[in-house]
Amino acid sequence: MGMKVLVADDSGVMRKIIIRGLAALGVTEIVEAGDGNEAIKHFSEQSFDLVLTDWNMPGKTGIEVLKEIRASGATIPVVLITTETEKRRVMDAIQAGVSEYVVKPFDAATLQAKIGKFIDATLV
């Protein structure tokens, strides 16, 4: 497919779940980051079509990763994966330019429904 996705989560188990969901959608080029600092390092060195990031990570949080990506001028979809459902937090993410929000815990079908539109959009 030629789509490249950055998956940032400090939980290796969660990264595997997300990667499985992406693979089921046909995405094979996936770069993993174990924290926000690593995510920004990868983002600054490579180009991506989609970023999936956990909100609560060591180093930089997912919202900080989102803000840095937007500050760089990039308009690629950024999806926050989180347990944060507090309205103020959700509003912070929306104001920062989040593309989609996936609340943990989630199943593969939910993940695919939330990110499928971004994957389909790159095929056009």
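Just so you know, all these numbers are worked out from the coordinates, no wet-lab data involved. All figures in this text were calculated on a predicted structure; none of them were measured in a lab. Positions of Cβ are generated from backbone atoms using ideal geometry, with glycine treated the same way; all protein chains shown enter the neighbour counts.
Between D10 and I94, the C-beta separation translates, for a Förster distance of 35 Å, into a calculated FRET efficiency of about 0.90.
Take each peptide in 103-116, 35-48, count the other Cβ atoms within 10 Å of every residue, and average; sorted highest first, the result is 35-48, 103-116. Where only DSSP H runs of four or more residues are counted, the chain gives -14000 deg cm²/dmol as its mean residue ellipticity at 222 nm, each run worth -39500 (n - 2.57). Legend: distances between Cα atoms for K4/K41; K41/K87; K16/K104; K60/K114; K41/K104; K4/K114; pairs beyond 20 Å are K41/K87; K60/K114; K41/K104. Provide the net charge surrounding I63, with neighbours chosen by a C-beta distance below 13 Å and charges set as Lys +1, Arg +1, Asp -1, Glu -1. Cβ neighbours under 13 Å give a net charge of -1.
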